[in-house]
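Undergrad: I'd like to ask you about the structure that follows.
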Amino acid sequence: MAKATDVKLIDEFGRRHDGRLPEEMRPVSMRINVLDNADGSALVEFGRTRVLAAVYGPREPVQRFMILPDRALLRVRYHMAPFSTAERKSPAPSRREIELSKVIREAFEDIILVKYFPRTAIDIFIEVLQADGGTRTAAVTAASLALANAGIPMKALVAGIAVGKIEGVLVLDVDEVEDGVGEADMPVAAAPDIGKITLFQLNGVLTKEEVEKGLDMALEAIKKLVELEKQTLVEEYVTTEEV
Amino acid sequence: MSLTPFRVPIVPELRKSTILSLIAKGLRIEERDLYTPRLIKIEAGVVERAEGSAQVQLGKTQVLVGVKVDVGTPFKDTPDEGVIAVNAEFVPIASPMFEPGPPDENAIELARVIDRSLRESNAVDRKSLVIIPGQKVWVVHVDIYVLNYDGNLFDASMLATMAALIDTRLPDYEELETGEIRLKEEKKTPLQINKIVTTVNIAKIGDYLIVDPNLDEETVADTKLIVAYDHEGNVVGIQKSGAGSMTREEILKAIDIGSKAARVYFKSLEEALGERLPVKIG
């Protein structure tokens, strides 16, 4: 990040390289019930970012040592398909994927009603099919839908989005080009219906005021995303793209 | 794959209720207030073989950081920058909970949070690590070694990393006709440090926020927010780490509380390193 380039990412009219305004997110689409075998599944797209999530469980843990006597154990894997990136990504889990699996799991530990299912495991498997920025937040959004689709009781629905800073301007839903040259990237996931922020990271430099403003931008967008999730759970498929 | 931790330390109910009732009164089990870190001891230059090193005690938590440098090739997308690689090892001598083996998700998270905070703040000038542009650069390996675990590895490791980087001296070298770089015995060039960076680990316990949780407090905490600051007061990294959640107000309050605790950490670095501190802390 913070690399000097000649590319202008915000033009004289305040529009971004793909024509979006700073507070505009990419076209979003959500679909549930996309995989037969999984107990719940969802496919979520933010522009060209495409993420598939499958939920299995509550079920008997694969290994006995994973049994927790008073609650369900969560297993989360965030994984990028080798063909999802410009250069082939080795399918072996990278340090980044290991960290993201952890923060995504931690985004759901306080959301899923794990006490209802002692001695079981709930598995959330996430595959990034195409990466164009914002994959971890799209992953959280897809996982929330897949959990609901699996009928797993949750306190509320969760969605995620990133706020970035490019050329001094805070922008919503950064894509890969913007993330590559931007000054900051701040992914947020939250359950707005109960006022909980469940994933929060900042990579980059911001003032405290910018963190506050960026967080509010993200929370505003997350409210809309959760509304879309609810609509998706009723209609199976929703898109913000004009048809 | 990330699993709900199943080897968590057990905090006896009695101790847990003591911790909680003290915090409700604004007190801690180690006789400090909610926003004050534990006693800090920083010692730089503790491993002679390393190009830079430092050992930090934060209460009973002890972390040793060694910096080794070698000559390598730059990354393709940053041909005019050196490389800084951070790795953390939770070696089994440090805690009955640590097992031998490759770094687990906690060690990876720790290393990556510290790596990002250094990178994004441009704390170490990576452009100054170039030997031959596009071909030969210094590769600076920061290895975080946990020696005794009593909670809050983030702040202890960041302090030790910062002190070790300030302590680091690059070897003299000569460029051979073949283009090879031959390192000499003498080491005298310090790294070019632009910013002093520290993290502040703020734990949420019930409705309270506390700075620098020890292991018992970390174990009973709902979640933690690790905020990185540079010495100019900018936020240069954040990580929510832990299973729970926070409200918008708690996050903003944590960033405020943390900026005050960061001054304590900067002060400790200043006291330990004195004249060697490359920037003035206001």
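Taken together, the values in this text are just the output of simple stated rules run on the coordinates, not laboratory data. Keep in mind it's a predicted model, so treat the numbers as computed, not measured. No Cβ is skipped: glycine too gets one built from the backbone with ideal geometry, and neighbour counts run over all protein chains shown.
Undergrad: Going through the stretch A:75-167, which GluC sites (Glu not before Pro) have at most 16 other Cβ atoms within 10 Å and a DSSP loop state?
TA: Loop-located and lightly packed - A:GLU87, A:GLU167.
Undergrad: How far apart, in nm, are two points set 7 Å out from the Cα along the Cα-to-Cβ line at A:ARG59 and at A:LYS224?
TA: Going from the A:ARG59 label point to the A:LYS224 one covers 3.7 nm.
Undergrad: Then there's this: Please compute the net charge surrounding B:SER117, taking Lys and Arg as +1 and Asp and Glu as -1 over other residues with Cβ under 11 Å from its Cβ.
TA: It works out to a net charge of +1.
Undergrad: Right, here's the next one. Which loop-located GluC sites (Glu not before Pro) does the stretch B:124-219 contain, where loop means any DSSP state but H, G, I, E or B and the Cβ has at most 13 other Cβ atoms within 10 Å?
TA: Passing sites in the stretch B:124-219 are B:GLU177, B:GLU180.
Undergrad: Report the FRET efficiency, 1/(1 + (r/R0)^6), for B:GLN135 and B:SER21, where r is their Cβ-Cβ distance and R0 is 45 Å, rounded to 0.05.
TA: Rounded to the nearest 0.05, the efficiency is 0.15.
Undergrad: In addition: Of A:GLY134, B:PRO9, A:VAL51, which is farthest along the charge dipole of the protein assembly as shown in the positive direction, counting Lys and Arg as +1 and Asp and Glu as -1 at C-beta?
TA: The one lying farthest along the dipole's positive direction is B:PRO9.
Undergrad: Next question, about the same structure. Starting from the Cα gyration tensor of the protein assembly as shown, take the square roots of the eigenvalues, sort them a ≥ b ≥ c, and report rounded, prolate or oblate (rounded when a/c is under 1.5, otherwise prolate if a/b is larger than b/c, else oblate). Could the numbers behind the result be given before it?
TA: Numbers: a/c = 1.66, a/b = 1.24, b/c = 1.34.
Note, shape of the protein assembly as shown comes out oblate.
Undergrad: Could you tell me which of B:TYR173, B:GLY134, B:ASN148 has its Cα farthest along the dipole of the stretch B:126-189 towards the positive end, charges placed at Cβ (Lys, Arg +1; Asp, Glu -1), taken about the Cα centre?
TA: B:GLY134
Undergrad: Of B:LYS41/B:LYS224; A:LYS8/B:LYS127; A:LYS213/B:LYS253, which sit over 19 Å apart, Cα to Cα?
TA: Values: B:LYS41/B:LYS224 23 Å; A:LYS8/B:LYS127 23 Å; A:LYS213/B:LYS253 14 Å.
Exceeds cut-off: B:LYS41/B:LYS224; A:LYS8/B:LYS127.
Undergrad: Note down the magnitude of the dipole of the stretch B:1-144 about its Cα centre, charges +1 on Lys and Arg C-beta and -1 on Asp and Glu C-beta and zero elsewhere, to the nearest 20 debye.
TA: Details: 18 positive and 20 negative charges, 84 e Å.
Here the size comes out at about 400 debye.
Undergrad: Sorting B:GLU81, B:GLU43 on the 10 Å Cβ count, fewest up front, what's the list? Spell out each step's value before the answer.
TA: Values: B:GLU81 18, B:GLU43 15.
Going from least to most buried by this count: B:GLU43, B:GLU81.
Undergrad: Same structure, new question: What is the Cα centroid distance between the stretch B:246-282 and the stretch B:164-189, reported in whole angstrom?
TA: Using only Cα atoms to place each centre, the spacing works out to 33 Å.
Undergrad: Another one. In debye, nearest 20: dipole of the protein assembly as shown around its Cα centre with unit charges on the Cβ of K, R (+) and D, E (-)?
TA: On the way: 65 positive and 84 negative charges, 229 e Å.
Its charge dipole is roughly 1100 debye.
Undergrad: Given the options A:ALA42, A:ALA92, A:ALA138, which has the most mean-square fluctuation in a GNM of chain A, springs set between C-alpha atoms less than 10 angstrom apart?
TA: The residue with the greatest mean-square fluctuation here is A:ALA92.
Undergrad: Along Cα→Cβ, 7 Å out, is where each label goes; now give me the distance between the ones at A:ARG48 and B:GLU249 in nm to one decimal.
TA: In this crude label model, A:ARG48 to B:GLU249 measures out at 4.3 nm.
Undergrad: If a/c stays under 1.5 just call it rounded; otherwise compare a/b with b/c (prolate if a/b is bigger, oblate if not). Do that for the stretch A:161-243, with a ≥ b ≥ c from the square roots of the Cα gyration tensor eigenvalues.
TA: Since a/c reaches 1.5 but b/c is at least a/b, the shape of the stretch A:161-243 is classed as oblate.
Undergrad: If you take each beta carbon of peptide A:187-200 and count the beta carbons of other chains within 10 angstrom, what is the mean?
TA: Mean inter-chain Cβ contacts per residue within 10 Å come to 4.
Undergrad: Go through the stretch B:1-102 and name the chymotrypsin sites (Phe, Trp or Tyr not before Pro) that are in a DSSP coil and have 12 or fewer other Cβ atoms within 10 Å of their Cβ.
TA: B:PHE6, B:PHE75
Undergrad: Summarise the partner chain shielding of A:114-126 as one whole number: the mean count of Cβ atoms from other chains within 10 Å of each residue's Cβ.
TA: 1
Undergrad: Could you let me know the centre-to-centre spacing of the stretch A:183-243 and the stretch B:41-107, using Cα atoms, in angstrom?
TA: Going from one Cα centre to the other spans 35 Å.
Undergrad: At a threshold of 8 angstrom on Cα-Cα distance, excluding pairs fewer than six apart, so keeping six or more, what relative contact order does the stretch B:15-276 reach in percent?
TA: 21 percent
Undergrad: What net charge do the residues around B:THR189 carry, taking every other residue with its C-beta under 11 Å from that of B:THR189, with Lys and Arg at +1 and Asp and Glu at -1?
TA: My count for the surroundings of B:THR189 gives 0.
Undergrad: Count the net charge of all other residues whose Cβ sits under 13 Å from the Cβ of A:ILE122, scoring Lys and Arg as +1 and Asp and Glu as -1.
TA: +3
Undergrad: If a paramagnetic tag sat 7 Å from the Cα of B:ASP104 along the Cα-Cβ line, which residues of the stretch A:104-121 would have the backbone N under 20 Å from that point?
TA: It comes to A:104-110, A:119-121, nothing else.
Undergrad: Additional query: When Cβ neighbours within 10 Å are restricted to other protein chains, what is their mean count per residue of peptide B:221-228?
TA: 2
Undergrad: Something else: Counting other C-beta atoms within 10 Å, which of B:ASP104, B:ASP216 has the fewest, and how do the rest follow?
TA: B:ASP104, B:ASP216
Undergrad: Another question, then. Run the simple label-point estimate for B:GLU174 and B:ASP33 please: 7 Å along Cα→C-beta, distance reported in nm.
TA: Each label point lies 7 Å from its Cα, and together they span 6.0 nm.
Undergrad: Related question: Subtract the Cα-Cα distance of B:GLN192 and B:ASP207 from 0.36 nm times their separation in residues, and report this length gain in nm to one decimal.
TA: Going from the current span to full extension adds 1.2 nm.
Undergrad: Could you check which residue among B:ASP207, B:ASP155, B:ASP167 shows the biggest mean-square fluctuation in a GNM of chain B with a 10 Å Cα cutoff?
TA: Of B:ASP207, B:ASP155, B:ASP167, the Gaussian network model singles out B:ASP207 as fluctuating most.
Undergrad: Quote the charge dipole size of chain A about the Cα centre in Debye, to the nearest 20; the model charges only the Cβ of Lys and Arg (+1) and of Asp and Glu (-1).
TA: Details: 31 positive and 40 negative charges, 224 e Å.
Value, rounded to 20: 1080 debye.
Undergrad: Moving to a separate point now. Using a Gaussian network for chain B with springs between C-alpha atoms less than 10 Å apart, which of these wobbles most: B:THR178, B:THR61, B:THR18?
TA: Fluctuation is largest for B:THR178.
Undergrad: Of chain B, which part is the longest with no trypsin sites (Lys or Arg not before Pro) in a loop (DSSP not H, G, I, E, B) and with at most 14 other C-beta atoms within 10 angstrom?
TA: Working: sites that count: B:ARG7, B:LYS25, B:ARG49, B:LYS60, B:LYS76, B:LYS280.
For trypsin sites (Lys or Arg not before Pro) (loop position, at most 14 other Cβ atoms within 10 Å), the longest site-free span of chain B is B:77-279.
Undergrad: I need the calculated FRET efficiency for the pair A:ARG119 and A:ARG15, taking r as the beta carbon distance and R₀ as 56 Å, to the nearest 0.05. Don't skip to the end; give the middle numbers.
TA: On the way: r = 54 Å, r/R0 = 0.96.
Efficiency, from the Cβ-Cβ distance: 0.55.
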